[in-house]
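> Dumping the structure here so I can ask a few things about it.
The values are calculated or read from the model by the stated rules, or taken from the named source; none is laboratory data. Every value quoted in this text rests on a predicted model; they were computed, and no experiment measured them. Here the Cβ positions follow ideal geometry from the backbone for every residue, glycine too, while neighbour counts run over all protein chains shown. What goes into the accessible areas is simple: the full protein's heavy atoms, side chains included, and nothing from ligands, DNA or RNA. Shrake-Rupley method; radii C 1.70, N 1.55, O 1.52, S 1.80 Å.
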Amino acid sequence: AKREGRNQYALYRPELSEQLLHRVKLANLLRSALEQHELSLALQPKIGMDGRQIVGAEALLRWDTAAFGRVPPDVFIPIAEELGLIVPIGHWLVREAATLLDDWHARGWPLTLAINLSARQLHDEALLPVLCESMQRSGASPAALELEVTESILLADADFARARLQALRDAGFRIALDDFGTGYSSLGYLKDLPLDRVKIDRSFISDLEQSPRGRALLSSIAGLCRALSLQTTAEGVETAAQLTLVEAEGIDEVQGYFYYPPLTVEAFNQLLESKLGA
Ligand code: C2E
Ligand code: CA
Ligand code: CA
Ligand code: CA
C-alpha cells in the first residue's frame, strides 16, 4: 500500500504543477482580456410568475480565449478576484449593463438586469460613482439594476459590507442575496442586510420532486421571505414538476434551463423582439 501511495504521488505531482502552470497562464491572459475584447455577457432570462413573462435577465460573464477556448467563470472569476482584475472588469460590466438597460427601455421593454458583485468589488471606492455615472449617462433608472451578492461578503467585515450595501440601496439600486441556503447561511442575515430579493439556491430546487424534506424547506424559506417582504427567485429550475412546486409556494421569479439557458445578447434581444416587438 505504501508503494502504491508513492507511485500515486509520483503520478499526480506533474498534474498538479500542470494545473498551477495553467492557472499562471490564465492569469497572464486575463490581464489583457478586456483590451482584447475577449469578455462578453451572457443573459439568462428571468421569468415572473405572475403572467409567466420575461421580466429581465441575469448577466453572466463569459471569457473566450484564443489559446484555451471558453474558460468557465468558476475558473476565471476567482483568478480575477485574486489579481484585483475583477475591479476594472466590474466597471466595464456596469457600463455594459447600463447600455443594455437603456437600449431595452428605448424599445419599450420594461426589463430589469441583475449583475453579480463579489466581496472585492464592494471594497472598490469607485464602484458607487461608476454605477451612478453609468446609469445617469444612459438614462436608465437605478431601480432597474439589481446587484447580486452572496453571504461570503459578510465574512471579513460584516458591518462594512452592510454599510456599503445600504449606500448602494440608498442610491436606488436593488440588492439580491444570491445562492441563499448554501455556505454560511444564517437567518440573521435576512434581518440585518438591506435586501430586496432572495435567490434560493439551485440545491433546494434540484431535489424537490424526490424529497418531502426539500419541499418543506422551500416552503419555509418562501414563508420567511414573504413575512420579511422580500421578493424571491428560484434558481436552476429544470423541469415542469419543479416549476409547479415552486409556483405553489408563491415564488415571484424563476430562472433555469426549463425556460432558458444563458443566451448571447443578440439571441436574448431576438427573443424579446419575438415576444414584445421591437
Ligand atoms: P450564479 O450567480 O449562481 O449564476 C447561476 C449559474 O447557474 C450560471 O452559471 C448559470 O449558467 C447556471 N444555471 C442557470 N440555470 C441553470 C439550471 O437550470 N441548471 C443548472 N445546472 N445550472 C443553471 P455560470 O454562468 O457558469 O456562472 C457560474 C458562476 O460564476 C455564477 O453563479 C457566479 O457566481 C459567477 N459569475 C458569473 N458572472 C459573474 C460576474 O460578472 N461577476 C461575479 N462576481 N461572478 C460571476
Ligand atoms: Ca448570480
Ligand atoms: Ca438614454
Ligand atoms: Ca446563484
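> Where does each of 56-68, 111-123, 206-218 land if you order them by average Cβ count within 10 Å, highest first?
Peptide ranking by packing, descending: 111-123, 56-68, 206-218.
> Going by average Cβ density within 10 Å per residue, which order do the peptides 251-258, 138-145 take, highest to lowest?
251-258, 138-145
> Per-residue ellipticity at 222 nm for the chain, helices alone: DSSP H runs ≥ 4 residues times -39500 (n - 2.57), over residue total, nearest 500 deg cm²/dmol?
Calculated at 222 nm, the ellipticity per residue is -15500 deg cm²/dmol.
> Follow-up question, since we're still on this one. When you take every Cα atom in segment 138-278, what is the radius of gyration, and what is Dmax, the widest Cα pair distance, in Å?
Cα radius of gyration and Dmax of segment 138-278 are 16.4, 47 Å respectively.
> Still on this structure, I have one more. If you count the DSSP beta bridges with both ends in the chain, what percent of them are antiparallel, to the nearest 5?
Of those bridges, close to 45 percent are antiparallel.
> Need one number: % antiparallel among DSSP beta bridges in segment 76-181, to the nearest 5.
Beta bridges within segment 76-181, antiparallel portion: roughly 0 percent.
> Quick one: how many Å² of Y260 are accessible to a 1.4 Å probe, rounded to 10?
Its accessible surface works out to 50 Å², give or take rounding.
> Could you please state, rounded to a whole Å, how far the C-alpha centre of segment 18-76 is from the C-alpha centre of segment 139-161?
Computed from Cα coordinates, the inter-centre distance equals 20 Å.
> While we're on this one: Just the number, please: Stokes-Einstein D of the chain in µm²/s, Kirkwood Rh from C-alpha pairs, 20 °C, 1.002 mPa s.
Reported coefficient: 105 µm²/s.
> Beyond 21 Å, how much of the Cα-Cα pair distribution for segment 46-149 remains, as a whole percent?
40
> Could I ask something else about it? Between N28 and S152, what is the spin-label point distance in nm, taking each point 7 Å from the Cα along the Cα→C-beta axis?
The two pseudo-label positions are separated by 2.6 nm.
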